[in-house]
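What follows is one structure encoded as structure tokens, with my remarks underneath.
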Amino acid sequence: MSHMTNDELRVDTAALTERLRQIRIEQGLSPDPPERKRCVEMPLSLALVERLQPFRAIAVKYASILAAGQVTRIDTDKLAEYAEIAGLLAHSVGFFSGIHALGASATLDMMNHINGMIDAGKSDEINISDEMRKLHIYIGWFTKDDGLGHDIFNQHGKHDMTVRKEAERLLSDPAALQAAIDAANKIIEGDDISE
């Protein structure tokens, strides 16, 4: 595993931030995402990233269907749990954890957009290669990599195993995980900033 230097990381983060601005503009959104309360600490963030992995597998499968030139309706209601996880993870104290959330949310948005086109009888207007290109970027964003280690480092000053141990504890104890999720949601809901 290659560890980036702080300078490389700063450049990488700056490039990624600029890329995100461009994508938001393409999607007709304001260039800068809304201010979010950053209250999801790293152990819960890591646990949520883990919980998104099954959705990542679905996204990869979806990409292969698109690659075959097919547009298929996906029942996104069944994926509501992943939308909730991504929504919560968007409030992570970690930059790269937030990117994971963005990748998952953008993938869900794309699936909903394609569903909408299919439902409106406009399947032939979907630019498959364009959607594929975007989907590969989104999947890249929620692929587990060094970034999560950097988040831990930035928050805790060292590659802290206690953070990973606590994440593992949350994942192995559904009640503890739910309690941590509820506590974070309570902080977020106490927020007046409208999304």
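Here Pro54 meets each of (1) farther than 19 Å from Phe142 by Cβ; (2) loosely packed, with under 13 Cβ neighbours inside 10 Å with one exception, condition (1). In region 124-160, of all residues being more than 23 Å from Ile23 (Cα to Cα) and loosely packed, with under 13 Cβ neighbours inside 10 Å, the one that is modelled with the lowest pLDDT corresponds to His159. Among the residues of region 120-141, is any within 17 Å of the chain's Cα centre (by Cα), in contact (Cβ under 8 Å) with a residue 60 or more places away in the chain and within 19 Å of Arg51 (Cβ to Cβ)? The answer is yes; a qualifying residue exists. Taking the conditions exactly as written (under 21 Å from Glu18 (Cα atoms) and of a type in the set (S, T, N, Q)), does Thr76 satisfy them or not? So Thr76 does not fit the description; no. Taking region 29-50 as the range and being outside any helix (DSSP H, G or I) and modelled with pLDDT of 75 or more as the test, the residues that pass are Lys37, Arg38, Cys39, Val40, Glu41.
Residue-by-condition table, conditions (1) hydroxyl-bearing (Ser, Thr, Tyr); (2) farther than 30 Å from Gln155 by Cα; (3) outside any helix (DSSP H, G or I); (4) out of contact with any strand residue (DSSP E or B) (no Cβ under 7 Å at 6 or more places or on another chain):
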{"site": "Gly69", "(1), (2), (3), (4)": "no, yes, yes, yes"}
{"site": "Arg73", "(1), (2), (3), (4)": "no, yes, yes, yes"}
{"site": "Ile85", "(1), (2), (3), (4)": "no, no, no, yes"}
{"site": "Gly98", "(1), (2), (3), (4)": "no, no, no, no"}
{"site": "Ser105", "(1), (2), (3), (4)": "yes, no, no, yes"}
{"site": "Met111", "(1), (2), (3), (4)": "no, yes, no, yes"}
{"site": "Gly116", "(1), (2), (3), (4)": "no, yes, no, yes"}
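Residue count for region 29-49, restricted to those that are touching a helix residue (DSSP H, G or I) at 6+ places or on another chain (Cβ under 6 Å) and within 24 Å of Met132 (Cα to Cα): 2.
Among the conditions (1) modelled with pLDDT under 80; (2) crowded, with 17+ Cβ neighbours inside 10 Å, the only one that Asp12 does not satisfy is (2).
Pairs only if they're at least six apart or on different chains, beta carbon under 9 angstrom, first in region 17-46 and more than 27 Å from Ala184 (Cα to Cα), second at pLDDT 75 or above and acidic (Asp, Glu); list them, first residue then second. Pairs that qualify, where the first residue is more than 27 Å from Ala184 (Cα to Cα) and the partner is at pLDDT 75 or above and acidic (Asp, Glu), are Gln27/Asp109.
The values are calculated or read from the model by the stated rules, or taken from the named source; none is laboratory data. Owing to the predicted nature of the structure, the values given are computational and were not obtained by experimental measurement. Note: ideal-geometry Cβ built from the backbone for every residue, glycine included; neighbour counts use all protein chains shown.
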